[in-house]
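**Student:** Please find one structure pasted underneath; my questions will follow.
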Amino acid sequence: MSLWLLAAGLALTPVVFGGRASARLATARWTRRCPRAALVLWQAIGLAGGLGAVGLGLVASVAPVAAVFPHGMHTLVGRVLAGPGLTGLGPAPLVALAWSLGVLAWLLAHTVRVTVKTVAEQRRQRLLVDLVADHAADHDAYILPTAERIAYCVPGRRVRVVLSQGTLDLLNRQELLAVLGHERAHARGRHDLILLPFVALAEAFPWLAAARAARQAVPVLLEMLADDQARRVHGELPLARALVRMATPRTGSSAAGVRALADAGVVHRLERLLGGADERPRWIPAVAYSIAGLLLVGPLAVLVAPLLCVVIRPA
């Protein structure tokens, strides 16, 4: 088998594997015990899928130039730099090259769009908080004058941890400290930046099941990571009680309260808090990290070739 066919297989593997893996990963119970490893695996699936889609076009575009992919890429880059450019490639390789450039441009455009939108929204939130909220020095948080149960952070260089008066009235001191620790964990970890590429991927390819699954699963994993940091300092029970109180409606039936807990994604977080999140086999993260690395080997190997060709220009 020629090396360019092998490279095509390596580039295609994450695209195919990503669809199956995402369906299993979205419902896997082990992700609740190892949210960090699950998050890394989601990142690897998303990155490998994007790089694989770009790499497929590159491999197909150099197939007529040489039987060996690195040599074909080297020859193609040399022709472009020397002057002849893409003449003589033929329609199929040109379409493949256009595919790669188009996918790359599409992903970059959506990433830039989501980034600009996120930064603007964070700036708007900070301005609104500064206008309508009072700063509580004892909690180092901004208090909104509303009875609604609110607790969130506005990340960035100027972090704002925001609570409502309703939250202050609802929680006792231990529960309040646990909630503050949870929100500050989001800010320290810059979870907004971790979520950003998944939002961009879901907007770029809304028809892709893996992108939708990642967009839904990653926020819950980030909440679990923040839970872990908060419970190490403030304990599981105060944080669990705060989660229940914040998610349960002030009025209504008990059935409505159960639905609110489920809709807020709190049930799984409560299960791991009260069930002992530290009790997990050590081999699970090791396997997840190994799979993540293997997923990236093929696409990165394919895409490194053109970069090396630019650095080491052909004579």
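Each value in this text was obtained by applying a stated rule to the coordinates, not by laboratory testing. Owing to the predicted nature of the structure, the values given are computational and were not obtained by experimental measurement. Backbone-built Cβ (ideal geometry, glycine too); neighbour counts: all protein chains shown.
**Student:** Measure off 7 Å from each Cα along the Cα-to-Cβ vector at ASN172 and GLN229, then give the distance between these two points in nanometres to one decimal.
**Tutor:** 2.6
**Student:** Next question, about the same structure. With Cβ to Cβ distances under 12 Å as the rule, what net charge do the other residues near LEU171 carry (K, R +1; D, E -1)?
**Tutor:** Working: positive: ARG149, ARG173, ARG241, ARG245; negative: ASP169, GLU175.
Charge balance near LEU171 sits at +2.
**Student:** Hey, can you grab everything whose amide H is under 5 Å from the amide H of ALA136? Only 5+ residues off in sequence or another chain; H modelled, so Pro and N-termini drop out.
**Tutor:** Placed amide hydrogens put ALA141, TYR142, ILE143 under 5 Å from ALA136.
**Student:** When only DSSP loop residues count, what GluC sites (Glu not before Pro) in segment 141-189 have their Cβ near at most 12 other Cβ atoms within 10 Å? The partial results should precede the final answer.
**Tutor:** Numbers: sites: GLU148, GLU175, GLU183; in loops: GLU148.
For GluC sites (Glu not before Pro) across segment 141-189 that sit outside H, G, I, E and B with at most 12 neighbouring Cβ atoms in 10 Å, the list reads GLU148.
**Student:** Skipping prolines and chain starts, which residues have an amide H placed within reach, meaning under 5 Å, of the one on CYS153, given they are 5 or more residues away or on another chain?
**Tutor:** VAL162
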